Amino acid sequence: MNVPPSTPVVLALDFGGTKTALTVADQHGTRLHDLTVETAAEHGARAGLKRAVGAARTLLDGREPVAVGVSTIGIPGAEGVALAPNIPGWEELALGRELALEFPESQLRLATDVKAAARYEHEAGALKGCDPGLYVNLGTGLAVAIVAGGTVVAGRHGASGEIGYNLRTVADVGRGSGDRIPLEDVVSGKALSQAAQANGSTELAEHIGEFIDELAFHLVNLAIALDPRRIVVGGGMVRSWAALHAPLRTALDAAVPYPPQLVPAAHPYDAPLLGALALAVEAARTGT
């Protein structure tokens, strides 16, 4: 879309485990240009950030954004991004400070990708009007976001919903993360990809069944604890919704006293980017 060079724009970036999505929009959130680049985690955090900034400069075409909204795997903080093992070095990268140096004239907002996605789905998607609601991200990793009281619950350290670290059996009680297999290592897109590389089709089919069973186990317990009106599922694995829905629906109906609705996200693949864009638009509007 061609727009006058004088038109103020905002930039949104979504840093994921396998790809970084970008969009440039006007100050009202109308998307003008989109681009996706590989994260290439094997090359490390700084290389991935450099690639994303280069892609952003291409989209901006000489403009400086009024605001930059960012969603990222992990928990962004002043000195790094916690709980982000899927990109080597990402946890040590001061993402906010680095981006502030790249875009010194821009307002900057950062959020965890799943929480940004849940906020957007609550404001304009499948969680609209749901309180409480539960957003489940089935992508490279595994996490959820809880919507309660009209807001996404952050938790004391911003780590609410990081169920990828859940215990899997009673034998895990008392064991540190290095002495057990956390949930994300067996229930995530990355886990299925690794299983596909290591096993033949017969073994993989069995693994998928175990994957869904374990996901259902944790989803049922979450639904019992939260009593949500609706569970919304987003992320790349929603492409397999036909295989996921029936067993998850059966598990919820069998065990949850008040079974919630279970639906795919309105924006299953780009809700984190849309959430980042909403942050940028908000920052541009408020100037803070």
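The values are calculated or read from the model by the stated rules, or taken from the named source; none is laboratory data. In this text the structure is predicted, and so the values were computed from the model without any measurement. For neighbour counting, all protein chains shown are included, and Cβ atoms are generated from backbone atoms with ideal geometry for every residue, glycine included. With ligands, DNA and RNA removed, areas are computed over all heavy atoms of the protein, side chains included. Shrake-Rupley method; radii C 1.70, N 1.55, O 1.52, S 1.80 Å.
What the table shows:
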| item | result |
| --- | --- |
| Criterion violated by I231 - all others in (1) among the β-branched types (V, I, T); (2) open to solvent by 60 Å² or more (accessible area, probe 1.4 Å); (3) within 20 Å of the chain's Cα centre (by Cα) satisfied | (2) |
| Checking T112 against (1) surrounded by fewer than 24 Cβ atoms within 10 Å (Cβ to Cβ); (2) out of contact with any helix residue (DSSP H, G or I) (no Cβ under 8 Å at 6 or more places or on another chain); (3) of a type in the set (S, T, Y), the condition it does not meet | (1) |
| Failed criterion for D131 (all others in (1) within 19 Å of A266 (Cβ to Cβ); (2) of a type outside the set (V, I, T); (3) open to solvent by less than 70 Å² (accessible area, probe 1.4 Å); (4) at pLDDT 95 or above hold) | (3) |
| Count - residues of the range 166-192 that are in a loop (DSSP other than H, G, I, E, B) and surrounded by fewer than 10 Cβ atoms within 10 Å (Cβ to Cβ) | 4 |
| Given (1) in contact with a helix residue (DSSP H, G or I) (Cβ under 9 Å, 6 or more places away or on another chain); (2) outside any strand (DSSP E or B), index of the condition G54 fails | (1) |
| Output for the range 54-88, where each listed residue is surrounded by fewer than 16 Cβ atoms within 10 Å (Cβ to Cβ), closer than 18 Å to A276 by Cα and not small (G, A, S) | R57, E64 |
| Residue match in the range 31-53 (condition: at pLDDT below 90, farther than 28 Å from A154 by Cβ and of a type in the set (D, E, K, R)) | yes |
| Condition check for T202: β-branched (V, I, T), modelled with pLDDT under 95 and closer than 28 Å to K19 by Cβ | no |
| Answer from A118, A111, A56 - the residue that is modelled with pLDDT of 95 or more and over 18 Å from the mean Cα position of the chain (by Cα) | A56 |
| Subset of the range 6-46 that is part of a loop (DSSP other than H, G, I, E, B) and surrounded by fewer than 16 Cβ atoms within 10 Å (Cβ to Cβ) - its residue that is farthest from the chain's Cα centre (by Cα) | S6 |
| Hits in the range 76-126 (condition: of a type in the set (G, A, S), under 30 Å from L262 (Cβ atoms) and free of Cβ contacts under 8 Å to residues at least 60 places away in the same chain) | A84 |
| Cβ-Cβ under 9 Å pairs, at least 6 apart or on other chains, the range 32-47 side without any contact (Cβ under 8 Å) to a residue 12 or more places away in the chain, far side in a helix (DSSP H, G or I) and aliphatic (A, V, I, L, M) | A40/A47 |
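Here is a yes/no grid of residues against (1) among the charged types (D, E, K, R); (2) not in a loop (DSSP other than H, G, I, E, B):
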position	(1), (2)
P65	no, no
V68	no, yes
S71	no, yes
E79	yes, no
A84	no, no
P88	no, no
P104	no, no
